[in-house]
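See structure below.
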Amino acid sequence: MRLLPWTGSDGKPCYLSSDDPHSPLSRLADDIEAAQLRSAEQVLAGAGAVLADAGAGERAVRFALTRAVESLEEVLRVAVSRGARAGATPRPD
């Protein structure tokens, strides 16, 4: 079972029951994971810039933190999914 890089409408994890890494859904999941990781790099750079700006207001800091939390959730999901596929022990929820 592969943990997919998105959740259902109820916020619960979605899984793919396929051993074919070349299936259309597997390739879509790979593409989304790659996009999430690229986005996380951009969010990290932006958050760093906001934190380095002594004049950044509360609104900018809250926005940067909100995006950083969203990105961290996505990156952790990717890490758990890839770890499970590599045979690592999944982390307890």
Problem - Options E74, E33: the member that is in contact with a Pro (Cβ under 9 Å, 6 or more places away or on another chain), of a type outside the set (A, V, I, L, M) and open to solvent by 60 Å² or more (accessible area, probe 1.4 Å) - result: E74
Problem - region 36-51, residues that are out of contact with any Asp or Glu (no Cβ under 6 Å at 6 or more places or on another chain), open to solvent by less than 70 Å² (accessible area, probe 1.4 Å) and either of a type in the set (A, V, I, L, M, F, W, C) or touching a residue at least 40 places away in the same chain (Cβ under 8 Å) (or both) - result: L37, A40, V43, A45, A47, A49, V50
Handout entry: Exclusive hit being in a loop (DSSP other than H, G, I, E, B) and within 16 Å of M1 (Cβ to Cβ), set S18, S26, S81
Key = S18
Completion exercise
S9 fails exactly one of (1) loosely packed, with under 13 Cβ neighbours inside 10 Å; (2) part of a helix (DSSP H, G or I), namely (2)
Handout entry: Test for A68: is it surrounded by fewer than 14 Cβ atoms within 10 Å (Cβ to Cβ), part of a helix (DSSP H, G or I) and at pLDDT 95 or above
Key = no
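In the set R2, R27, which member is of a type in the set (K, R) and open to solvent by 50 Å² or more (accessible area, probe 1.4 Å)? Give the steps one after another, and end with the answer.
Numbers: R2 fails: open to solvent by 50 Å² or more (accessible area, probe 1.4 Å).
The unique qualifying residue is R27.
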Completion exercise
When region 1-59 is checked residue by residue, the ones that are under 18 Å from the mean Cα position of the chain (by Cα), within 20 Å of A84 (Cα to Cα) and acidic (D, E) are D30, D31, E33
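The values are calculated or read from the model by the stated rules, or taken from the named source; none is laboratory data. Here the structure is a predicted model, which means the values were calculated and not measured. As a convention, Cβ positions derive from the backbone with ideal geometry for all residues, glycine included, and neighbour counts pool all protein chains shown. Side chains are part of the model used for accessible areas, which takes the heavy atoms of the whole protein and leaves out ligands, DNA and RNA. Shrake-Rupley method; radii C 1.70, N 1.55, O 1.52, S 1.80 Å.
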